[in-house]
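What follows is a single structure, written as structure tokens, with notes after it.
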Amino acid sequence: MKIRNHYTKLMFASLLVCLIFIAGCASEDVPDHDVDVHTFANVDDVVVTHMDLDMALNFDDQIISGRASLQFNNLTGSEEIVLDTRDLTIERVTLDDGGEETEFSLGEFVDYLGQPLTISITPETEKVNVYYETSPEAAALQWLEPEQTAGGEHPFLFTQSQAVLARTWVPCQDAPGRRITYNARVEVPEGLMAVMSAENQQERSPDGVYEFTMPQTIPTYLLALSVGDFDYSPLSDRIGVYAEPEILEDAAWEFADTEEMMKAAENMYGAYRWGQYDIMVLPPSFPFGGMENARLTFVTPTIIAGDRSLLSLIAHELAHSWAGNLVTMATWNDFWINEGFTSYMTNRIMEEVYGRDYAEMLWHLDYQELIATIEEMGEDNPDTRLHLDLKGRDPDDGMTAIAYIKGAFFLKMLENNLGRERFDDFLLQYFNSFAFQTMTSEAFLSYFRGIVLEDPVREVPADDMEEIDLEEQLKLDEWVYGTGLPDNCPVIHSDEFAKVEDQIDSWIAGTDASDMEVENWTTHHWLHFLMNLSEELSHEQMVELDNTFNFTETENSEILNAWLLHAIEHRYEEAYPALEEFLLSQGRRKFLMPLYSKLAETPEGMEMAQEIYREARPTYHPISYQSIDEVLDWQN
Ligand code: BES
Ligand code: ZN
């Protein structure tokens, strides 16, 4: 907007022709505002501010029956409120507290998005009460059989609302640019524990009834529920972990540094504003590494490595308490506003707690992944832009290394150019200024220019060379709206990884694996080692590595994953039982996808993949099996 006004002014300065040309370019590349194309809700007319949920869980039929009461402000005197739903059965809808039923209709089904629920209201209506049931196919819900848990005796349910799946278990305005508070009452089978992305109990309710209050506002993709046989263990006075009794002690040991990470984050980015921070360790079918549900991060048990080596994932989900949960992308097109900031902050937190060498290794691993992604996607691919155009597509398509790592490197580039102190001050101010609000690419750039370049860029006096140079140097628009990787991307050097590369070279040159210098190597050294081995290894070389370093037997999921990719590539059959076990025992999409894809490259591999998948698929989360179905061309 600012740019436009400014052009208007300048037009009178008789630079007409030239300026029309420039303005034309600017409006093509830089969108004015972003409409959320992934919601049906009439969010500009009616703004939902609070939800009251009342839900009963039926594990036998895999159904939640509930009431969602939505309070709203009707800004335009609208006579309808439109909500997002997907696979919900709507029984009836009443208005306010009187119990008077009102008319409603479900619109046409759209892929990924579900159906709009249009409810008749009057301009005076303040609340709708929707009585509904979920479907056993609800994509946000995974109902686990007892065998899929560590304890093996009780069923388990967990939700995954991001990106647009909240609407499969709660009718709502499912748009990241809108925020609500909520209260909930949830009835679960007696004896089970229940927690939400809200204020939680630390003890079980004997009657299976739980009440939750969420006092801070959140977008609906952070709405979460987990129910099962699990307990709580405190890690500090404001941090704790929930896990099945069988793994609770291991989990508490693994995550013991969380308070230290929290302090590091608070020192840089300001106070943690959500009260409690807990970690919920889910059963292994959880399709992600972690999910930053407000006040209650969900994590995969595959990060419990026994040596605290995979904690950057905790730092990542914790960092979302600022980037994403506090300052939230306005639409899915600006997914990097959540994940890029978070990925940058993750490495900063890890540096504070574990030192520079450690952080350099993380940056280096990130960088390699980014380069590989851009190469694979093609550097002119529009999806290599930070600001995406996801119209007509599943917002999950934005979940690539671009949002995460290109986003992180963009911020690292800013840090390098401004100096750490100045950039940290800027970020602190950013979080304070936009807490509990939303952010777009455009608003970020204009805020950055306003604070750091002193004035909106076009209004910088021509004699202020320093500021103009900085604008040129940073290439802000190229980073956000351009494809590929700008040439001012920071170069990463890791002394530790240089040592790893030396060892690879000397092994390739004939040194025995047992004579390699690998003392004090951490998980990250090994990952770098495995990811930089030649693609052509003989069977003897695979045997030598395995006999020396016991990769097939490792308890570390990341190392195992990297090793198994080599095993498939080089038909190292000694590792196939471990491969099968890994594919059958956990459902993390990040591990499953590369392994199944690699198997699918050869006819024998494909056959093996299909056989394992037949058995494994029923245990996977819809988010995982929908992706793998495509890779294996799976027909039900
Ligand atoms: N918010 C994401 C998970 C997500 C993104 C779910 C988009 C659905 C749609 C979470 O914070 C995340 O990024 N998880 C990563 C781990 C991280 C260390 C890169 C994951 O699960 O792989
Ligand atoms: Zn994330």
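A few remarks follow.
- Test result for Glu601, under 18 Å from Thr149 (Cα atoms), surrounded by fewer than 21 Cβ atoms within 10 Å (Cβ to Cβ) and modelled with pLDDT of 95 or more: no
- Entry remark, the range 307-358: residues being away from ligand 2 (no atom under 12 Å from the Cβ), of a type in the set (Phe, Trp, Tyr) and within 20 Å of Leu370 (Cβ to Cβ) number 1 in total.
- Test: residue in the range 288-301 that is in contact with a Pro (Cβ under 8 Å, 6 or more places away or on another chain) and within 14 Å of ligand 1 (Cβ to nearest atom): yes
- For the range 263-277, the set of residues classified as buried (at least 22 other Cβ atoms within 10 Å of the Cβ) and either within 13 Å of ligand 1 (Cβ to nearest atom) or not small (Gly, Ala, Ser) (or both) consists of Tyr269, Tyr277, listed by residue number.
- The set of residues in the range 290-300 being buried (at least 22 other Cβ atoms within 10 Å of the Cβ) and either touching a residue at least 24 places away in the same chain (Cβ under 8 Å) or not hydroxyl-bearing (Ser, Thr, Tyr) (or both) consists of Met291, Glu292, Asn293, Ala294, Arg295, Leu296, Phe298, Val299, Thr300.
- Entry remark, the range 500-529: residues being touching a residue at least 24 places away in the same chain (Cβ under 8 Å) and of a type outside the set (A, V, I, L, M, F, W, C) number 9 in total.
- For the range 506-538, the set of residues classified as in a loop (DSSP other than H, G, I, E, B) and closer than 15 Å to Thr554 by Cβ consists of Val518, Trp521, Thr522, listed by residue number.
- For the range 172-181, the count of residues that are closer than 22 Å to Gly208 by Cβ and over 20 Å from the mean Cα position of the chain (by Cα) is zero.
- Any chance Asp380 is in contact with a helix residue (DSSP H, G or I) (Cβ under 7 Å, 6 or more places away or on another chain) and either among the charged types (D, E, K, R) or over 17 Å from His524 (Cβ atoms) (or both): no
- A single entry from Val452, Val460, Val500, Val543 fulfils the requirement of being at pLDDT 95 or above and closer than 30 Å to Phe409 by Cα: Val500.
- Options Ser534, Ser557: the member that is small (Gly, Ala, Ser) and buried (at least 16 other Cβ atoms within 10 Å of the Cβ): Ser557
- Of all residues making up the range 267-302, the number that are more than 14 Å from ligand 2 (Cβ to nearest atom) and out of contact with any His (no Cβ under 8 Å at 6 or more places or on another chain): 22
- In summary, helices (runs of 4 or more DSSP H) completely within the range 302-407 and bearing 3 or more residues that are among the polar types (S, T, N, Q), within 13 Å of ligand 1 (Cβ to nearest atom) and surrounded by 23 or more Cβ atoms within 10 Å (Cβ to Cβ) occur at 335-354.
- Among residues of the range 571-600 being in a loop (DSSP other than H, G, I, E, B) and under 22 Å from Ile623 (Cα atoms), the one that is nearest to ligand 1 (Cβ to nearest atom) is Arg588.
- Of all positions in the range 137-151, none carries a residue that is surrounded by fewer than 24 Cβ atoms within 10 Å (Cβ to Cβ), at positive phi, without any contact (Cβ under 8 Å) to a residue 40 or more places away in the chain and not in a strand (DSSP E or B).
- Meets criteria (among the charged types (D, E, K, R) and out of contact with any Asp or Glu (no Cβ under 8 Å at 6 or more places or on another chain)) for Arg167: no
- The numbered conditions (1) away from ligand 2 (no atom under 15 Å from the Cβ); (2) among the β-branched types (Val, Ile, Thr); (3) within 18 Å of the chain's Cα centre (by Cα) are all true for Thr400 except (1).
- Residues that are within 21 Å of the chain's Cα centre (by Cα) and either under 18 Å from Glu187 (Cα atoms) or assigned to a helix (DSSP H, G or I) (or both), drawn from the range 215-250: Thr220, Tyr221, Leu222, Leu223, Ala224, Leu225, Ser226
- Of residues in the range 347-367 being of a type outside the set (Lys, Arg) and under 20 Å from the mean Cα position of the chain (by Cα), the one nearest to Thr522 (Cα to Cα): Leu362
- Filtered residues of the range 562-621 (kept if among the charged types (D, E, K, R) and farther than 21 Å from Thr300 by Cβ): Glu569, Arg571, Glu573, Glu574, Glu601, Glu604, Glu607, Glu611, Arg614
The values are calculated or read from the model by the stated rules, or taken from the named source; none is laboratory data. On a predicted model such as this, the values are computed, not experimentally measured, just so you know. All Cβ positions, glycine included, derive from the backbone under ideal geometry; neighbour counts span all protein chains shown.
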